């Protein structure tokens, strides 16, 4: 979750590189799980219908356990949209009803009749994709040898203003620290298919994947929540390259009563009552990040499949201690850049359990 608002408008014509790529010709099918989204579903569909340059071929609206007027409002647009809108209504038993289940089955349904070379997208029913969401996604596929593209989820500008300033500042501080960790990672484990600048989000509000890659990992994992982050882990474990495209943007609502347990709405509501003592669990200590990088490099050196960086549980950071971790991350990053030529080779030959600071990397 991020609070910035980016004007991602594009002008002119699609680039030759994108128009001549194979991805430009692939079918684009979007799966949207929805539960009681009568307030947001029309803006969601209109945002998809007014895309610059590249429109969806088909949108699957997966209405699960819906009791409001979401279906009626979606049907009111069905004949006016420049793509096929398929509305599917399902009712899950209470113990099975979850955001993860709905997204998994919505994508599975979308893929069932899709061409083998189709592109599968998913977003949220309370989201409004940016004008160039599809085009920027195709651009990422065209420019990088990847099978999946993850975009960023930002708050709708009209709702972002409702969030207290201190929460914006805390979020920005966390994101800045996360960017430092990511740059440290890229210094030691360069990924030509996913270079800097990139982001570190894995939100179901913006995922695109080739149908082949989706089938290779058997779709989204069968978990009630966090299916988006788990999907990224599975892709990585299977050696499927992913691009974290910073210019692929989706705007989501800042509501405090969400559909997914542990999701953004729940986090936001909790932080409005009282800020969390710890920053987001995806942000770990520098020493923890270095240990995990060393382990991965050791596996690579032996040509053995190893655990993905994201698989190891991080060490949580107290919010009051964040500034000192930021300073340390900056020192480490500066050191790594100064010693770049021999860094990765030396690091991979050092025992993984010794990497509790940056100095052994010498």
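The values are calculated or read from the model by the stated rules, or taken from the named source; none is laboratory data. Given the structure is predicted, the values throughout are model-derived calculations rather than measurements. We place every Cβ from the backbone using ideal geometry, glycine too, and count neighbours over all the protein chains shown.
Taken over region 180-200, the residue count meeting the criterion of being crowded, with 16+ Cβ neighbours inside 10 Å and within 16 Å of the chain's Cα centre (by Cα) is 5.
So that you can scan it fast, the table gives a plain yes or no per residue for (1) assigned by TED's automatic domain parsing to the domain that holds residue 140; (2) in contact with a strand residue (DSSP E or B) (Cβ under 6 Å, 6 or more places away or on another chain); (3) in a loop (DSSP other than H, G, I, E, B):
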position: 173; (1), (2), (3): no, no, no
position: 177; (1), (2), (3): no, no, no
position: 184; (1), (2), (3): no, no, no
position: 199; (1), (2), (3): yes, yes, yes
position: 205; (1), (2), (3): yes, yes, yes
position: 218; (1), (2), (3): yes, no, yes
position: 230; (1), (2), (3): yes, no, no
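Would you mind finding the one in 234, 317 that is buried (at least 16 other Cβ atoms within 10 Å of the Cβ), touching a strand residue (DSSP E or B) at 6+ places or on another chain (Cβ under 8 Å) and modelled with pLDDT of 90 or more? When all the criteria are applied, what remains is 317. Entry remark, region 115-145: residues being surrounded by 22 or more Cβ atoms within 10 Å (Cβ to Cβ) and assigned to a loop (DSSP other than H, G, I, E, B) number 5 in total. Looking at region 94-113, can you tell me whether even one residue there is touching a residue at least 12 places away in the same chain (Cβ under 8 Å), in contact with a helix residue (DSSP H, G or I) (Cβ under 7 Å, 6 or more places away or on another chain) and either more than 22 Å from residue 203 (Cβ to Cβ) or outside the structural domain of residue 221 (by TED's automatic domain parsing) (or both)? Looking through region 94-113, none of the residues is touching a residue at least 12 places away in the same chain (Cβ under 8 Å), in contact with a helix residue (DSSP H, G or I) (Cβ under 7 Å, 6 or more places away or on another chain) and either more than 22 Å from residue 203 (Cβ to Cβ) or outside the structural domain of residue 221 (by TED's automatic domain parsing) (or both). Screening region 271-314 for residues that are over 18 Å from residue 188 (Cβ atoms) and at pLDDT 75 or above and picking the one that is surrounded by the fewest Cβ atoms within 10 Å (Cβ to Cβ) gives 277.
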